[in-house]
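Structure first, then comments.
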Amino acid sequence: MAKLNMAEVWADIKTYRRAYLLTAVASFGGMLFGWDTGLIGGVLTMDAFQHSFNLDKNSPHFANLQGNIVSVLQAGCFFGALASFYVSDTFGRKWALIIADVIFILGSLVQTLSGIGNTNLGQLYAGRVIGGFGVGLISAVVPTYIGENAPRAIRGRCIGCMQLFNVTGICLSFFVNYGISLDIKSPTDSTKWRVPFALQILPGAFLLVGMLFMNESPRWLVEKNRLGDAAKALAHVRGKSVDDPEVIEELDEIIADFNGHEKMSMIAQLKSACSSKKMLYRSSFVVILMFWQQWTGTNSINYYAPQIFQQIGLTGKTSGLFATGVYGIVKIVVTAIGLMAFTEQLGRKWSLLIGSMGQAFAMYYIGINQAVHPPTGELDGNAIFAIMCVYLFVVFYSFGWGPIPFVLASECSPNHVRSLLMAASLMTQWLFNFVIAKITPLMLDNITYGTFLLFGSLCIVMGIWAVFCVPETKGVRLESIGELFEGSIIKGCIQDTIPSKSRAKQLRHHHATEAADGDGDASSMKSGHGKARRVERLEEV
C-alpha cells in the first residue's frame, strides 16, 4: 500500500533539487496546453465572444462550429508532434522547447488580436493552428527531456509533473474565465474573451526564460558523440562532479546502450523500431497508451465542462464556470498527491488499474442517472451526486491515466528511437484529442447520456488491457527497461500485477546487488585504472 511520507518527499527534493528545478521549468510546457484546454470551453459560452464573431448559439450548426474552434488547435498539435522528431533530434531537446515556445507565443498573440474590425473566424483559426503546432512540439519533447535528465529514483514523479502543470493551467484558465465573467458584464465587450487568450502567454514567457539556463539532455549529447558535454550535463543535474563514480557509471551505461545507434536517420530509426517482435511491441505500446488516455473521456469534460454541468442540472453560466473551476482545483490537488504518493510508491501499473475502475464507475453513474432521471433544472439528490461523480472521475484520472501514460511512454521508448516514438505517441494523443473535441458536442446533443456510458465502457476495456499488456517500470534504469519486454509479454505483465513478484522489483534487487558487489572497487575507481577506463573517452574533450 502506498504511504505518503512527507519526510522522504522533502529529502528527495533536497537531494535532487537540480533535477526538480529542471523538471519545474520544462513542465511549464505542460501548462501551455493545459491553459488552452481550460479556457476554450468557457470562452465559447461567453456572449461577448459570440457577439464578436456574430455567432448564433441557437443555430443548429453551433455545436459543429464549437467543435471546429476547439479541434483546430489539435490539428496544429498533431503536426507539431510530427515535427518534434526532426526538431528534437537536430537541435536538441533544450532548443526544441525554446523554438516551440516562441511559436506558441506567436499563435497566442494572433488569437488575442483576432476579430478586430471583422467577424471572420479565419484569424482565430490561424492563431489556434500556429499555437497548436507549438503545443504539439512541446508536448512530445517535455517528457523526453525530463525523462532523459531525471534520476531513476524520481523519474516517474518528474515526468508526471508535466501533467501537474497541465492541470494547473486548466484550473487557472477556468478561474480566469469565471473572474472575467463576474467583472465584465457587457455582452459586447471583447476584452472579456481576449484576456484569457492573452494570459496564456505568461507561462510561455516563464518557459522561454527558464530554458535558457537549463542543461541539454545528456542522452542526446551522447547520441551526437559529445561525450564531454554529456558528462558535464549529467554531473550538473545529479549535483555531482564529472569524475564521481556514479556519474561515470551512468554515463558508461548510456554510451553502451547507444553503441551502434549514434546519429541514426529517420529511416534507420523506423527500421530499428520494427526490427523485431520485441521492438515492434515496445514501439506500438507507447502509441496505444496515448490512444487509451484520450478515450477515458477526460478532454470531453476539460473542453466542455460548463456545458456538461448545465446538462447534468447546474443552471446558470457563472455557476457552471465556478463548478468547472472547482473541478480544476480537484485535479491539481489529486495530481500532486498522486505524484508524491502513488507514481513511485504504488507504481505505474496499479495506478492505471485503480484509475480505470474509478473512472468507469463515475462515467456509468453520470450516464445512468441522466437516462433514469433526466435533468429538470433543479438540483435534486441525483443531480448532486452526478456532479460529484464528475469530480470523482477526475480524482481517479489524475493519479492514473493522466500522468502515467507520459511516464511509461518516455520510459519504455529505447534511447536511440525515443524522439521518433514520442513523436508517434503524441501524434496519436493529439489526433484522438482532435476527434474527441470534434465529436463531444455532437454526442452530447444527440446521444446525451450515451456519451458517458461509452466512455465508462472504454475505461473498463483499458483496465483489462493494462493487466495483460502494461509492465511495471518503477525504479528501473532506462537502459534496463528493455529486459521487461523479453520473453512472454502477457505472462510477464500478469506477474507484474503482484507487486511482491514484479520484474521491476527483481531488477532493482539485481542492480542493488551489483552496486554492493562493486563497492569494493570504488576506491580503486577513484584513483586507479578503473576510473581511467571509463573516462578515457572524455580526455580528448
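No lab work stands behind these numbers, since they all come straight from the coordinates. What you see is a predicted model; the values in this text were computed from it and never measured. All Cβ positions, glycine included, derive from the backbone under ideal geometry; neighbour counts span all protein chains shown.
Annotation note: chymotrypsin sites (Phe, Trp or Tyr not before Pro) in segment 237-293 located in DSSP loop regions with a Cβ neighbour count of at most 12 within 10 Å are absent.
Of K277/K501; K94/K501; K14/K94; K232/K331; K14/K505, which ones are farther than 29 Å apart at the Cα? Walk me through the numbers on the way to the answer.
Details: K277/K501 25 Å; K94/K501 38 Å; K14/K94 24 Å; K232/K331 37 Å; K14/K505 25 Å.
Beyond 29 Å: K94/K501; K232/K331.
Take the Cα of A205, step 7 Å toward its Cβ, do the same at F91, and the gap between the two points is 2.2 nm.
Roughly how many debye, to the nearest 20, is the charge dipole of the chain about its Cα centre, given +1 on each Lys and Arg Cβ, -1 on each Asp and Glu Cβ, and no other charges?
Details: 43 positive and 39 negative charges, 44 e Å.
Taking the Cα centre of the chain as origin, the dipole is about 220 debye.
Rounded to two decimals, what is Rg over Rh for segment 431-520 when you use alpha-carbon atoms and the Kirkwood radius? Intermediate results must be reported in sequence, preceding the final value.
Details: Rg = 20.2 Å, Rh = 16.2 Å.
Rg/Rh: 1.24.
Of G456, G228, Q50, which is farthest on the positive side of the dipole of the chain, counting Cα position, with +1 on Lys and Arg Cβ, -1 on Asp and Glu Cβ, and the Cα centre as origin? Positive-most Cα among the choices belongs to G456. Counting only the Cα atoms, the chain fills a convex hull of 145 Å³ per residue. What does the C-alpha gyration tensor say about the overall shape of segment 214-272? Classify as rounded when a/c is under 1.5, otherwise prolate if a/b is larger than b/c, or oblate. Here segment 214-272 falls in the prolate category.
Within 10 Å of each residue's Cβ, count the other Cβ atoms and sort S265, S88, S283 from fewest upward. Display every interim value, and only then the final one.
Numbers: S265 9, S88 28, S283 22.
Fewest-to-most ranking of S265, S88, S283: S265, S283, S88.
Helix 418-446 and the long axis of the chain differ in direction by around 20°, with both axes built from C-alpha atoms. Loop sites here are GluC sites (Glu not before Pro) outside DSSP states H, G, I, E and B with no more than 16 other Cβ atoms within 10 Å. The longest part of the chain free of them is 1-261. Using only the alpha carbon atoms of segment 321-373, find the Kirkwood hydrodynamic radius as the inverse mean reciprocal pair distance, in angstroms to one decimal. In segment 321-373 this quantity evaluates to 12.9 Å. Each distinct pair of alpha carbons in segment 336-423 adds a 1/r term; the inverse of their mean, the Kirkwood radius, is 14.9 Å. When shorter helices are ignored and each DSSP H run of at least 4 residues is given -39500 (n - 2.57), the per-residue value for the chain at 222 nm works out to -25000 deg cm²/dmol.
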